[in-house]
1. Lysine pairs in region 1-154 with Cα distance under 19 Å, only those 8 or more apart or on different chains: how many are there?
2. Would you please calculate the Kirkwood hydrodynamic radius of region 1-50 over all C-alpha pairs and express it in Å, rounded to one decimal?
3. Taking region 109-202 as the region of interest, what is the percent of Cα-Cα pairs per 10 angstrom bin, listed from the shortest bin to the one with the maximum distance?
4. Give the peptides 148-157, 51-60, 80-89, 2-11 in descending order of average Cβ contacts within 10 Å, highest first.
5. Using a 1.4 angstrom probe with every protein chain in place, what is the largest-first accessible-area order of ILE93, ILE68?
6. Translational D (Stokes-Einstein, µm²/s) of the chain at 25 °C and 0.890 mPa s when Rh comes from the Kirkwood sum over C-alpha pairs?
7. At 0.36 nm per residue, minus the direct Cα-Cα distance, what do ASP79 and LEU91 gain on full extension? Give it in nm, one decimal, please.
8. Subtract the Cα-Cα distance of ASP59 and ASP2 from 0.36 nm times their separation in residues, and report this length gain in nm to one decimal.
Amino acid sequence: MDHKRSKTKNDYNFLRSIFQKSHQTLLKNYVQHSTFNDMLQEGNFDCVSGSATLGMLLDRYNYNYEIIETDYHVFILVDINDKTVILESTLAIGGMISSPSEVRAYLESYQPVEFAQLASLTERLGDPELSLDDHAIFRKVSLIELAGLQYYNDAITHFNEQSFGLASKQLSKALVLYNSERIKNLQDLAKEQAYKVYGYDIK
């Protein structure tokens with residue numbers, strides 16, 4: 001990619017190359033709740049690990065971009081010559097959205113509703129089967145905060161398996177990277193459930 005970049009100054013075309021090459025070599029199999037390590041080792045990815053991969057490449061080539069966190073999904077907005085392009089990492093075909101009308105429709109589908117509240121703390125980001133009726137979260141996050149969301153996803157797996165101590169540990173790691181209200185709330189819930197099940201407080 002470095003060699004290709006040295007040969008072209010067209011930011012849009014090179015962005016398409018980044019997106020396509022990422023899916024050819026790294027983002028091979030969409031698997032719900034895959035970690036970044038899963039992606040590196042096996043090519044399995046979800047919206048969190050996929051967006052992290054694209055974000056690091058966009059950093060390397062100095063693109064102006066934003067990672068957007070919604071209730072149950074993550075995607076990327078890239079600004080090229082005052083035009084917004086969406087990178088939807090979970091779609092190898094059709095996941096680079098540049099038509100203004102399609103960009104507008106995509107963003108409108110995730111816009112938050114006033115006074116809306118996140119419906120479930122125990123649903124991971126990146127589950128395509130979830131209803132998109134919840135519209136409580138739409139905010140920019142950094143790559144470091146995205147790593148926090150990876151720990152949050154992992155904590156939900158442990159929580160749903162009733163491993164509340166492990167869930168709380170992962171959430172503590174998540175909070176170091178991302179001081180998010182929903183991460184704090186899930187940790188409180190994990191501690192509460194642990195007390196109910198085990199009869200003692202967990203740290």
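1. The result is 5.
2. Kirkwood hydrodynamic radius for region 1-50: 11.6 Å.
3. Calculated P(r), rounded to whole percents: 17, 45, 32, 7, 0.
4. 148-157, 51-60, 80-89, 2-11
5. Most to least solvent-accessible, the answer reads ILE93, ILE68.
6. Values: Rh = 17.8 Å.
Estimated diffusion coefficient is 138 µm²/s.
7. 2.4 nm
8. 19.2 nm
The values are calculated or read from the model by the stated rules, or taken from the named source; none is laboratory data. In this text the structure is predicted, and so the values were computed from the model without any measurement. FYI the Cβ positions are ideal-geometry reconstructions off the backbone, even for glycines, and counts take in every protein chain you see. Side chains are part of the model used for accessible areas, which takes the heavy atoms of the whole protein and leaves out ligands, DNA and RNA. Shrake-Rupley method; radii C 1.70, N 1.55, O 1.52, S 1.80 Å.
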